[in-house]
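So the structure is just underneath, and the comments pick up after that.
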Amino acid sequence: MHEYIKIETPFNRDMDGTKKLIEGDFRSEMVEYLADNMWECTEKIDGTNIGIVWDGHKVSYQGRTERAQIPAHLMNKLIEMFGGETNEELFEQKFGEMPVILFGEGYGAKIQNGGNYRQDVSFILFDVYLPENDIWLKRDSVEDIAQAFGIDVVPIVLTGTLQNAIDYVKDKPKSTIGTAMMEGLVCRPAVELRDRMGHRVIVKVKVRDFT
């Protein structure tokens with residue numbers, strides 16, 4: 001199983017009891033170095049992490065961890081969206097025998113605060129990973145895959161510096177979906193990068209951390 005990476009906040013937290021983020025005290029020297037460059041920020045959806053796994057022959061489904069159980073009503077929806085012979089043929093046509101994981105968020109009714117997004121339940125794509133090559137696909141490829149399967153992809157909310165992203169969430173924006181308030185943003189450099197340890201450069205900027 002390939003778990004989705006844990007996305008950190010850009011700053012360290014106060015260790016004196018408040019637990020608040022200390023703006024300007026970066027967790028990563030690379031994030032600090034890149035802070036004033038262009039970042040692509042998508043909406044962070046309040047749901048449950050889901051992986052749609054194509055092993056080259058069949059489709060399976062995973063939660064955030066091996067122990068995570070996917071709610072039954074969401075599992076039924078995932079099978080509807082990605083199961084069956086037609087979808088298997090789509091995977092074969094798109095990827096052949098190359099393993100791939102479509103990472104996204106299961107969201108909607110009875111999942112976190114998802115009832116404010118939609119009254120039913122669904123899956124929204126945010127990343128595509130090729131495990132054999134350790135490659136994350138570019139945004140245009142992610143959008144192309146979403147279109148092929150007729151599924152939604154998380155919207156790009158803004159492109160700008162990390163400070164632009166922080167200023168944006170401080171205004172407590174509404175979600176681009178339904179009537180929910182926005183949980184925050186997931187930001188990555190406009191060009192996919194990794195740090196010297198091989199970790200992907202990606203951060204979350206949550207509304208509750210900056211308001």
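List of remarks:
- Scan of region 135-183 for residues that are outside the structural domain of M30 (by TED's automatic domain parsing) and of a type in the set (K, R), ordered by number: K138, R139
- Which numbered condition S122 fails, given (1) without any contact (Cβ under 8 Å) to a residue 12 or more places away in the chain; (2) surrounded by 19 or more Cβ atoms within 10 Å (Cβ to Cβ); (3) among the polar types (S, T, N, Q): (1)
- Neighbours by Cβ (under 7 Å, 6+ apart or cross-chain): first from region 44-58, without any contact (Cβ under 8 Å) to a residue 60 or more places away in the chain; second part of a strand (DSSP E or B) and small (G, A, S): V53/S60
- Enumeration of residues in region 1-26 that are aromatic (F, W, Y) and part of a strand (DSSP E or B): F11, F26
- Enumeration of residues in region 37-58 that are surrounded by 12 or more Cβ atoms within 10 Å (Cβ to Cβ) and more than 23 Å from D140 (Cα to Cα): D46, G47, T48
- Evaluation of I135 against (1) at pLDDT 95 or above; (2) surrounded by 14 or more Cβ atoms within 10 Å (Cβ to Cβ); (3) among the β-branched types (V, I, T) (one fails), failing number: (2)
The rows are residues; the columns are (1) surrounded by 13 or more Cβ atoms within 10 Å (Cβ to Cβ); (2) in contact with a strand residue (DSSP E or B) (Cβ under 9 Å, 6 or more places away or on another chain); (3) of a type in the set (D, E, K, R).
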{"site": "G24", "(1), (2), (3)": "no, yes, no"}
{"site": "H73", "(1), (2), (3)": "yes, yes, no"}
{"site": "L78", "(1), (2), (3)": "yes, yes, no"}
{"site": "G96", "(1), (2), (3)": "no, no, no"}
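- Identity of the residue in region 144-187, over 19 Å from I202 (Cα atoms) and of a type in the set (D, E), that ends up surrounded by the most Cβ atoms within 10 Å (Cβ to Cβ): D152
- For region 188-198, a residue qualifies if it is part of a loop (DSSP other than H, G, I, E, B) and either out of contact with any Phe, Trp or Tyr (no Cβ under 9 Å at 6 or more places or on another chain) or exposed (fewer than 13 other Cβ atoms within 10 Å of the Cβ) (or both), and the qualifying residues are V191, L193, D195, R196, M197, G198.
- Listed by first and then second residue, the pairs with beta-carbon distance under 8 Å, at least 6 apart or on different chains, first residue in region 129-140 and in a loop (DSSP other than H, G, I, E, B), second hydrophobic (A, V, I, L, M, F, W, C), are P131/V100; P131/I101; E132/M98; L137/V128; L137/L130; L137/I145.
- Subset of region 1-22 that is of a type in the set (V, I, T) and over 20 Å from the mean Cα position of the chain (by Cα) - its residue that is surrounded by the most Cβ atoms within 10 Å (Cβ to Cβ): I22
The values are calculated or read from the model by the stated rules, or taken from the named source; none is laboratory data. Just so you know, these numbers come straight off a predicted model, no measurement behind them. In this analysis, Cβ positions are derived from the backbone assuming ideal geometry, glycine residues included, and neighbour counts consider all displayed protein chains.
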